[in-house]
Amino acid sequence: MTDEAKTAPGPNRRTVLEVGVSGAVLAATAGLPLMAAGPAAAAGATASGRLPAAGSWHRYVQGPSGRTVRPVRIVRSDGDVTRPDALLRPGGKLTVLRRAQPPAAPRWPEGTTTEASSTHAGNNGNDGRPRTYEAKNAVDGDLGTFWNDDTERDFPDTLSITTPEERELSGLTVVSSPDGVPTAFTVAVWADSAWKTVATVTGNSTVQRAVRFDAPVSTARVRVTVTAAQDLGRGVFTRINEVWPEAVDPVVAPSVTLDFGKVVVGYPKVDFAWASDNRPGVRLDE
């Protein structure tokens, strides 16, 4: 890449972990070794706001019966999930999460050219491998390459795509880098000798954003203008890995949201029975 959460006496708060799995994965158990404290700990303060006499507050601290605290309820499951309740009863049946394979990405025709408002100089990225950040990377069909502008925190940034001849477009897809996606951008097409805005996107936070036009348009030139991007501490640049000539929604990863029924701290532990051989991944969100 380039340069780049007053607790008062009351009901228990809960910590929820969401498990999102990419690919076919079987999860056997989900345990959390930890030490926990409930609302009684907060109740240790007197009405005046002062703590009780030294030592007396200890009786308000809840301690777990063991080092493992397990989820007590399935809040919801999304996507292709079989037997999510099995996560509450380890040692028996298994929870299965399956993610469908995404469709083949649409491609621009041969002879398509690109132009950008600026381009960051090439470097060795974060892995020591030489790479470039040219505008053409956004249409080369390779998600591992991307266009990176060269004006950090300075917007707008533009990427123009020109095809050899006019084609009908009903939308497009902007695939960007997880290091900071464009949060606001417009899509314009060249029609009747002028640029015409056909889509406006605000509040974006997804890496793969499908953009649908109100009506199909015939054009040979498309322009994406970025006016804001996420700041994730890796430099606020416009980074676009691919622009596809169709609106393609991302495949939703299956997920299970668990409720532990109490405030917990410690180390999450997930056991897998097996996984498919296509290198699936797992993400835990608090």
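The values are calculated or read from the model by the stated rules, or taken from the named source; none is laboratory data. Just so it is clear, the model here is predicted, and its values are computed rather than measured. Note that each Cβ is placed from the backbone with ideal geometry, even for glycine, and that neighbours are counted across all protein chains shown. Calculation scope for accessible area: heavy atoms of the full protein, side chains included, ligands and nucleic acids excluded. Shrake-Rupley method; radii C 1.70, N 1.55, O 1.52, S 1.80 Å.
Overview of results
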| quantity | calculated |
| --- | --- |
| Residue satisfying condition, being under 17 Å from Ala210 (Cβ atoms), assigned to a loop (DSSP other than H, G, I, E, B) and either under 23 Å from the mean Cα position of the chain (by Cα) or not charged (D, E, K, R) (or both), within set Leu143, Leu169 | Leu143 |
| Any pair with Cβ under 8 angstrom, 6 or more apart, that starts in region 148-159 at a residue that is over 12 Å from Arg223 (Cα atoms) and polar (S, T, N, Q) and ends at one that is modelled with pLDDT of 95 or more and open to solvent by 40 Å² or more (accessible area, probe 1.4 Å) | Asn148/Thr119; Thr151/Ser117 |
| Strands (runs of 3 or more DSSP E) wholly inside region 214-274 containing at least 2 residues that are open to solvent by less than 30 Å² (accessible area, probe 1.4 Å) | 239-244, 255-259 |
| Index of the failed condition, Glu134 passing every other in (1) at positive phi; (2) modelled with pLDDT of 95 or more | (1) |
| Filtered residues of region 52-75 (kept if surrounded by 13 or more Cβ atoms within 10 Å (Cβ to Cβ) and either modelled with pLDDT of 95 or more or outside any loop (DSSP other than H, G, I, E, B) (or both)) | Trp57, Tyr60, Thr68, Val69, Arg73, Ile74, Val75 |
| Residue match in region 164-171 (condition: closer than 19 Å to Asn204 by Cα and not hydrophobic (A, V, I, L, M, F, W, C)) | yes |
| Ala135 within 30 Å of Asp277 (Cβ to Cβ) and of a type outside the set (S, T, N, Q) | no |
| Matching residues in region 85-131 - criterion: being part of a loop (DSSP other than H, G, I, E, B), modelled with pLDDT of 95 or more and of a type in the set (Asp, Glu) | Glu110 |
| Lone unmet requirement of (1) farther than 30 Å from Arg76 by Cβ; (2) under 23 Å from the mean Cα position of the chain (by Cα) for Gln208 | (1) |
| Which listed residue is in contact with a helix residue (DSSP H, G or I) (Cβ under 8 Å, 6 or more places away or on another chain) and surrounded by 17 or more Cβ atoms within 10 Å (Cβ to Cβ), from Phe146, Phe185, Phe155 | Phe146 |
